[in-house]
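The values are calculated or read from the model by the stated rules, or taken from the named source; none is laboratory data. Just so you know, these numbers come straight off a predicted model, no measurement behind them. Every residue, glycine as well, gets a Cβ built from its backbone with ideal geometry; the counts of neighbours run over all protein chains shown. Surface accessibility is based on the protein's heavy atoms, side chains included, excluding ligands, DNA and RNA. Shrake-Rupley method; radii C 1.70, N 1.55, O 1.52, S 1.80 Å.
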Amino acid sequence: VIKAILFDIDDTLFPSGEFAEKARRNAIAAMVEEGLNRDVEAAYRALEKIIRKYGSNYPRHFDVLLDNLGVKENRARLIAAGVAAYHNTKSTIAPFPDVPKTLVRLRDAGYRLYAVSEGKAVKQWDKLIRLGLDFFFHGAFISEELGCRKGVRFYRIIARRLKLKPSEMVMVGDRLDKDIIPAKRAGARAIRILQGRHALKRAGRVRPDSEVRRMAEVIDAIKKLG
Ligand SMILES: [Mg+2]
């Protein structure tokens, strides 16, 4: 019987890919507004490349961008414009519309709810708080705090901490490689949510117990698991 439901954050609770792109585009637009004299599309692609190379937690994306674009003048003003626009966009993130009511229904039905995510703990909580979802969850498990990335061990540690058998947990997420396959291999159940850029990937040998198109369908999917 299912006792705890684990939810991935990015592209499960909110459209993270869309917001990331919007934040980057707004940053470039603001920099151009402040005097960056470069092609907007080229600057956007250069920024994407830098984020891929240095990772999303690197604090100096815009400095490197100006280096790569060969900008020597007016740098502080341009960087400040980019950072401000990026953060302003970040503060507009919102959950998929059916997420809050689904979480309330599942809580009312007696399940314990946890957010589980890979990355820096403060950053993951920052998202939950900005999304207004922090109080819906009984807690969160973040890879930085667990000391391992989302793999089989990650889900086993969570089961141990919750004093549950893995089979009493269900993982809800968009990614086969991080949410579905390792959770299933750890003995948990898994529901795949077909949202974001990973929605088109084909499942291989290890398959989710069910696939849903949006969060509201998770309620029925969990009932079917028994
Ligand atoms: Mg995700």
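Based on what the data block shows, is ARG214 in contact with a Gly (Cβ under 9 Å, 6 or more places away or on another chain), under 25 Å from ASP98 (Cα atoms), touching a residue at least 60 places away in the same chain (Cβ under 8 Å) and of a type in the set (D, E, K, R)? The answer is no for ARG214. Mind checking whether some residue in region 180-194 is within 14 Å of the ligand (Cβ to nearest atom) and open to solvent by 20 Å² or more (accessible area, probe 1.4 Å)? For region 180-194, residues within 14 Å of the ligand (Cβ to nearest atom) and open to solvent by 20 Å² or more (accessible area, probe 1.4 Å): present.
Residues of region 95-112 that are assigned to a helix (DSSP H, G or I) and open to solvent by 30 Å² or more (accessible area, probe 1.4 Å): PRO100, LYS101, VAL104, ARG105, ARG107, ASP108. Filtering region 1-40 to residues that are free of Cβ contacts under 8 Å to residues at least 40 places away in the same chain and either basic (Lys, Arg) or open to solvent by less than 60 Å² (accessible area, probe 1.4 Å) (or both) leaves ALA20, ARG25, VAL32, ARG38. Scanning region 199-208 for residues that are crowded, with 18+ Cβ neighbours inside 10 Å, within 15 Å of the ligand (Cβ to nearest atom) and either within 14 Å of the chain's Cα centre (by Cα) or under 25 Å from THR92 (Cβ atoms) (or both) turns up nothing. Flag: THR12 does not match the condition of being away from the ligand (no atom under 16 Å from the Cβ) and hydroxyl-bearing (Ser, Thr, Tyr). Being open to solvent by less than 30 Å² (accessible area, probe 1.4 Å) and more than 16 Å from the ligand (Cβ to nearest atom) is a property that VAL64 has.
Taking region 176-199 as the range and being basic (Lys, Arg) and at pLDDT below 95 as the test, only ARG197 passes.
Here's the yes/no breakdown for (1) within 24 Å of ARG107 (Cβ to Cβ); (2) among the basic types (Lys, Arg); (3) within 13 Å of the chain's Cα centre (by Cα); (4) in a loop (DSSP other than H, G, I, E, B):
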residue: ARG149; (1), (2), (3), (4): no, yes, no, yes
residue: ILE157; (1), (2), (3), (4): yes, no, no, no
residue: MET171; (1), (2), (3), (4): yes, no, no, no
residue: ARG192; (1), (2), (3), (4): yes, yes, no, no
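Flag: LEU146 does not match the condition of being of a type outside the set (D, E, K, R), within 13 Å of ILE9 (Cβ to Cβ) and away from the ligand (no atom under 16 Å from the Cβ).
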